[in-house]
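Note sheet for the following structure.
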Amino acid sequence: MTNQRKAVMFIATSLDGYIATKDDSLEWLFKVEGEGDNGYSEFYDTVDTVIMGRRTYDWLLEQKLEIFPYEGKECYVFSRTESQDNENVQFFNGDVVEFTNQLKNKEGKNIWVMGGGDLIHSFMKEKLVDELIITVSPVLIGKGIPLFKEIDFETELTLKSVNRFNQFAELHYEVKR
């Protein structure tokens, strides 16, 4: 029997807990001196499936990238509105728990729960995230899109590792079951 795939949240946050400014800017993140790609490539090789929210997908499209950044990976966009699948992504607006558990039980590598804030909140609330890899940037942005919304549930974590990428600190947690 093979091990079940894990849903892993991999994301950067400001020291005061925001993943973007109110206007979806990440400029604050790119001003910080990192080291290489700050562990991204190593993580990226561990996943074959990417899950993101509609707002994150729309932000990606606004960047007008020449190549879709997750080409070669199964990519799902969770959206409340009907949308047409394309060569890069499949849209989903059904039962999140059932769908995610089906993905976890398929053969393959881990599943990247990318974001944004609404998606992360629903995945944490439904206890679908198995590990969290959070890269903390030494920047205070004061307000914006929070990494974690106010919650009415408790999630206990175990610290697996801490890595430093110049000015960034990467915290790797496992969710206690």
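The values are calculated or read from the model by the stated rules, or taken from the named source; none is laboratory data. All values reported here derive from a predicted model rather than from experimental measurement. As a convention, Cβ positions derive from the backbone with ideal geometry for all residues, glycine included, and neighbour counts pool all protein chains shown.
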*Would the stretch 154-171 turn up any residue that is buried (at least 19 other Cβ atoms within 10 Å of the Cβ) and within 18 Å of the chain's Cα centre (by Cα)?*
yes
*Any pair with Cβ under 9 angstrom, 6 or more apart, that starts in the stretch 29-46 at a residue that is part of a helix (DSSP H, G or I) and ends at one that is among the charged types (D, E, K, R)*: Tyr44/Asp37; Tyr44/Lys73
*Determine if the stretch 75-84 includes at least one residue that is out of contact with any helix residue (DSSP H, G or I) (no Cβ under 9 Å at 6 or more places or on another chain), assigned to a loop (DSSP other than H, G, I, E, B) and either more than 15 Å from Ala20 (Cβ to Cβ) or at pLDDT below 95 (or both).*
yes
*Would you mention how many residues in the stretch 130-155 are closer than 17 Å to Lys6 by Cα and either in contact with an Asp or Glu (Cβ under 6 Å, 6 or more places away or on another chain) or modelled with pLDDT of 95 or more (or both)?*
5
_Restricting to the stretch 96-122, name every residue that is more than 17 Å from the chain's Cα centre (by Cα), of a type in the set (Asp, Glu) and either within 17 Å of Arg54 (Cα to Cα) or not in a loop (DSSP other than H, G, I, E, B) (or both)._
Glu98
_The conditions are (1) under 24 Å from Thr13 (Cβ atoms); (2) of a type in the set (Lys, Arg); (3) over 18 Å from the mean Cα position of the chain (by Cα), and Lys73 fails exactly one of them. Which is it?_
(3)
*asked:* Quick check on Asp130: is it under 19 Å from Asp24 (Cβ atoms) and in contact (Cβ under 8 Å) with a residue 40 or more places away in the chain?
replied: no
*asked:* On the basis of being surrounded by fewer than 16 Cβ atoms within 10 Å (Cβ to Cβ) and at pLDDT 95 or above, does Leu61 make the cut?
replied: no
_Residue selected from the stretch 154-164 under the condition part of a loop (DSSP other than H, G, I, E, B) and not hydroxyl-bearing (Ser, Thr, Tyr), by the criterion nearest to Met124 (Cα to Cα)_ = Glu154
*Within the stretch 143-153, work out how many residues are of a type outside the set (D, E, K, R), out of contact with any His (no Cβ under 9 Å at 6 or more places or on another chain) and either assigned to a loop (DSSP other than H, G, I, E, B) or loosely packed, with under 12 Cβ neighbours inside 10 Å (or both).*
3
_Sole exception among (1) within 27 Å of Lys22 (Cβ to Cβ); (2) out of contact with any strand residue (DSSP E or B) (no Cβ under 6 Å at 6 or more places or on another chain); (3) free of Cβ contacts under 8 Å to residues at least 40 places away in the same chain; (4) surrounded by 11 or more Cβ atoms within 10 Å (Cβ to Cβ) for Leu140, by number_ = (3)
